[in-house]
Amino acid sequence: QVQLVESGGGLVQAGGSLRLSCAASPSILSIDVMGWYRQAPGKQRELVATISETGTTNYADSVKGRFTISRDNATNTMYLQMNSLKPEDTAVYYCTLRRWVRDYWGQGTQVTVSS
């Protein structure tokens with residue numbers, strides 16, 4: 001069983017930056033594939049970014065060049081650096097971890113970008 005806890009969300013003006021963290025317990029394994037999703041009010045949950053066990057990253061077109069996903073297996077933490085934020089980035093952001101065939105999700109952290 002893996003528990004994921006997100007932090008770092010908040011209110012920011014358009015053009016600003018936030019850094020989200022996802023702490024995993026008891027630990028992140030090198031085989032884990034991790035990612036960030038988001039869900040805006042009235043919309044379906046959508047993929048933001050993923051990072052593989054080898055460090056390969058993948059981003060939604062809407063965030064390419066603005067967001068950076070990273071992971072630190074030694075501290076059991078994944079990050080999402082979000083720059084040049086836009087009002088349309090407003091959503092609840094969830095971290096996820098896939099270990100073998102099982103998916104784990106955090107409770108989410110709210111990001112609100114004001115115009």
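The values are calculated or read from the model by the stated rules, or taken from the named source; none is laboratory data. Everything numeric in this text was worked out from a predicted model, so none of it was measured. Every residue, glycine among them, receives a Cβ derived from its backbone with ideal geometry; neighbour counts consider all protein chains shown. We work out accessible area using only protein heavy atoms, side chains counted, and drop any ligands, DNA or RNA first. Shrake-Rupley method; radii C 1.70, N 1.55, O 1.52, S 1.80 Å.
Miscellaneous remarks
- Top-ranked residue of region 33-65 - restricted to ones that are of a type in the set (Lys, Arg) and surrounded by fewer than 17 Cβ atoms within 10 Å (Cβ to Cβ), ranked as nearest to Asn83 (Cα to Cα): Lys64
- Exclusive hit being within 14 Å of Leu18 (Cβ to Cβ), in contact with a Leu (Cβ under 6 Å, 6 or more places away or on another chain) and of a type outside the set (S, T, N, Q), set Leu85, Leu80: Leu80
- For region 1-17, filtered to residues that are polar (S, T, N, Q) and in a strand (DSSP E or B), the residue that is surrounded by the fewest Cβ atoms within 10 Å (Cβ to Cβ) is Gln13.
- Tally of residues being closer than 17 Å to Ala91 by Cβ and not polar (S, T, N, Q) across region 5-55: 25
- Looking only at region 66-76, and only at residues there that are part of a loop (DSSP other than H, G, I, E, B) and out of contact with any Ser or Thr (no Cβ under 9 Å at 6 or more places or on another chain), the one that is least open to solvent (accessible area, probe 1.4 Å): Thr75
- Residue list for region 36-59, filter: within 12 Å of Tyr79 (Cβ to Cβ) and touching a residue at least 60 places away in the same chain (Cβ under 8 Å): Trp36
- Restricting attention to region 18-32, the residues being open to solvent by 40 Å² or more (accessible area, probe 1.4 Å) and under 19 Å from Asp103 (Cα atoms) number 6.
- Residue within region 75-85 that is over 14 Å from Ser7 (Cα atoms) and in contact with a helix residue (DSSP H, G or I) (Cβ under 8 Å, 6 or more places away or on another chain) present: no
- Considering region 82-115, the residues that are open to solvent by less than 60 Å² (accessible area, probe 1.4 Å), in a strand (DSSP E or B) and of a type in the set (S, T, N, Q) include one that is nearest to Gly55 (Cα to Cα), namely Thr96.
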